[in-house]
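In what follows, a single structure is set out as structure tokens and then discussed.
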Amino acid sequence: MREKKPGTVRRPQTSFDFFLARVVRFTLRGDRVSLPYARKTNWTGWVRFAMAGETSLRTSGMRIGFQGAAINERGMSVAVYDYASGVQEQLGHEAVVFYDKQKSNADVLRKFAGKFRMIGYEGAEDFRSSAEAAHLDFCYFITGGQGAVPCNLAERTGIHAVFRHFEPSADVYAYVSKWLADWMTGGQAPHVPHIVDLPAPSEDFRAEHGIPADAFVVGRYGGFDQFNLDFAKTAVRQALEKRNNLYLVFLNTEPFVAHERALFLPARVTLQEKSNFIHACDAGLNAKKIGESFGLANAEFLACGKPVFTWAGGMDQNHVHLSPSETWVYRNRADLLCLLLETQVSARDTELARASTSGLAPAPVMRQFDKVFLSGDYRAQDLSLSPAFRLKRWSQEKALRAKFRFWKMS
């Protein structure tokens, strides 16, 4: 059995224990306590809990593990970095990040290593032994939502699902957006969104790349092969021929057009580099065939006050729910071409975009992270879907797929 950290009070898991925990929490501390709890009832723990006093209920100094797997420039690694930062800076705990030595990006690893304790591993068994040796209070996994995670790595474990799967396991099973939690469980499962927190720009990206100050710049970044709507590529080519001050800047994107005003540049890893790029743009562009279960790039553009031209389709629909204006959402080639040719961003557009992401700042997101993953208020074992709900979602998905196919052909 794994050695227990000194001063940690285990929380029993019966219904009566949950009731007592809430009474004690709201009586003594308000709504910020986070207690690790045992998987089995532990009455001795409750005696210690009752005698410990308010100070020991704060559980500052918890050790939270993050399974980073292949650390790279993609959204899941960005999320791990942000949550680990929030655990240390907002919640006052220690973050330990585990990473795959063979599959991780060296540049991104250096960024992580400057802030967190990093533990590399080679294979599943090496990860298990490394996690057990770290004596974790909680271990966080960001995954597609399929499959179980290793048992007994920590006092508790949690899965943060980013795709449309429903296979609840671990102690906590949550989704990455409210839309995803609602679609997959009808709102039963909790959600914790990604954090959006970019610094002010520090350099003139336009001057660095020879882009005129009066140009209308549309930018895109994300997965290298995920700008994959053919009609969107056609719209970009046509717009470049018709709007003389239009520049398209693509970071980490597979080139699809050769034009002096279409720039395809390498990925930007640091938050400062991303901020410099986004602030040089007038608008963002998203053209991902399957849509976005969260849409971090969209959210980061919006947080900087930039409208995002985003496709209305895709079975993942959070990118549509993120958009504060229907006029920025396109269905087909003609819609996108119109946006690229005619958009002039106003001060109202800027404020509308920026206000839409106020709930994604570090403080509110980490309060949600604390409540969902660390408090013990949510249990994966409580989640279940009725046959009627499953049938409803199946029929809705069939109808949506047919509609999206029509849009792509129009």
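The values are calculated or read from the model by the stated rules, or taken from the named source; none is laboratory data. These numbers come from a predicted model, not from an experiment. A quick note on method: Cβ atoms are made from the backbone with ideal geometry, for glycine too, and the neighbour counts reach across all protein chains shown.
Selection within region 303-330: residues that are within 20 Å of the chain's Cα centre (by Cα) and of a type in the set (S, T, N, Q). The member of this set that is nearest to residue 353 (Cα to Cα) is 323.
Output the residue which, of all residues in region 75-117 that are basic (Lys, Arg) and within 22 Å of residue 144 (Cα to Cα), is surrounded by the fewest Cβ atoms within 10 Å (Cβ to Cβ).
We begin by selecting, within region 75-117, every residue basic (Lys, Arg); these are 101, 103, 110-111, 115, 117.
The next check asks that each one be within 22 Å of residue 144 (Cα to Cα); those that pass are 101, 103.
Values: 101: 14, 103: 10.
So, considering only residues that are basic (Lys, Arg) and within 22 Å of residue 144 (Cα to Cα), the one surrounded by the fewest Cβ atoms within 10 Å (Cβ to Cβ) is 103.
When the helices (runs of 4 or more DSSP H) confined to region 171-259 are screened for residues that are at pLDDT 95 or above, within 30 Å of residue 159 (Cβ to Cβ) and among the charged types (D, E, K, R), those reaching at least 1 such residues are found at 178-185.
Can you tell me which residues in region 153-207 are hydroxyl-bearing (Ser, Thr, Tyr), surrounded by fewer than 21 Cβ atoms within 10 Å (Cβ to Cβ) and touching a strand residue (DSSP E or B) at 6+ places or on another chain (Cβ under 9 Å)? Hits for region 153-207 are 169, 185. Go through (1) closer than 25 Å to residue 375 by Cα; (2) surrounded by 17 or more Cβ atoms within 10 Å (Cβ to Cβ); (3) under 21 Å from the mean Cα position of the chain (by Cα) one by one and return the number of the condition residue 144 breaks. With (1) closer than 25 Å to residue 375 by Cα; (2) surrounded by 17 or more Cβ atoms within 10 Å (Cβ to Cβ); (3) under 21 Å from the mean Cα position of the chain (by Cα) applied to residue 144, the lone miss is (2).
When the residues of region 260-285 are narrowed to those that are among the acidic types (Asp, Glu) and farther than 15 Å from residue 196 by Cα, which ends up farthest from the chain's Cα centre (by Cα)?
Looking only at region 260-285, we keep the residues that are among the acidic types (Asp, Glu), and these are 260, 273, 282.
In the following step, the residues that additionally are farther than 15 Å from residue 196 by Cα were identified as 260, 282.
On the way: 260: 34, 282: 24 Å.
Ranking the qualifying residues of region 260-285, first place goes to 260.
Across region 203-259, the number of residues qualifying as acidic (Asp, Glu) and either closer than 22 Å to residue 302 by Cα or over 31 Å from the mean Cα position of the chain (by Cα) (or both) comes to 4. Checking every residue in region 283-294 against the condition of being of a type in the set (Val, Ile, Thr) and either surrounded by fewer than 22 Cβ atoms within 10 Å (Cβ to Cβ) or assigned to a strand (DSSP E or B) (or both) gives at least one match. Among the residues in region 216-233, are any under 22 Å from residue 200 (Cβ atoms), hydroxyl-bearing (Ser, Thr, Tyr), buried (at least 17 other Cβ atoms within 10 Å of the Cβ) and touching a helix residue (DSSP H, G or I) at 6+ places or on another chain (Cβ under 6 Å)? The answer is yes; a qualifying residue exists. Answer yes if at least one residue in region 253-275 is acidic (Asp, Glu), surrounded by fewer than 19 Cβ atoms within 10 Å (Cβ to Cβ) and more than 22 Å from residue 205 (Cα to Cα), and no otherwise. Among the residues of region 253-275, not one is acidic (Asp, Glu), surrounded by fewer than 19 Cβ atoms within 10 Å (Cβ to Cβ) and more than 22 Å from residue 205 (Cα to Cα), which makes the answer no.
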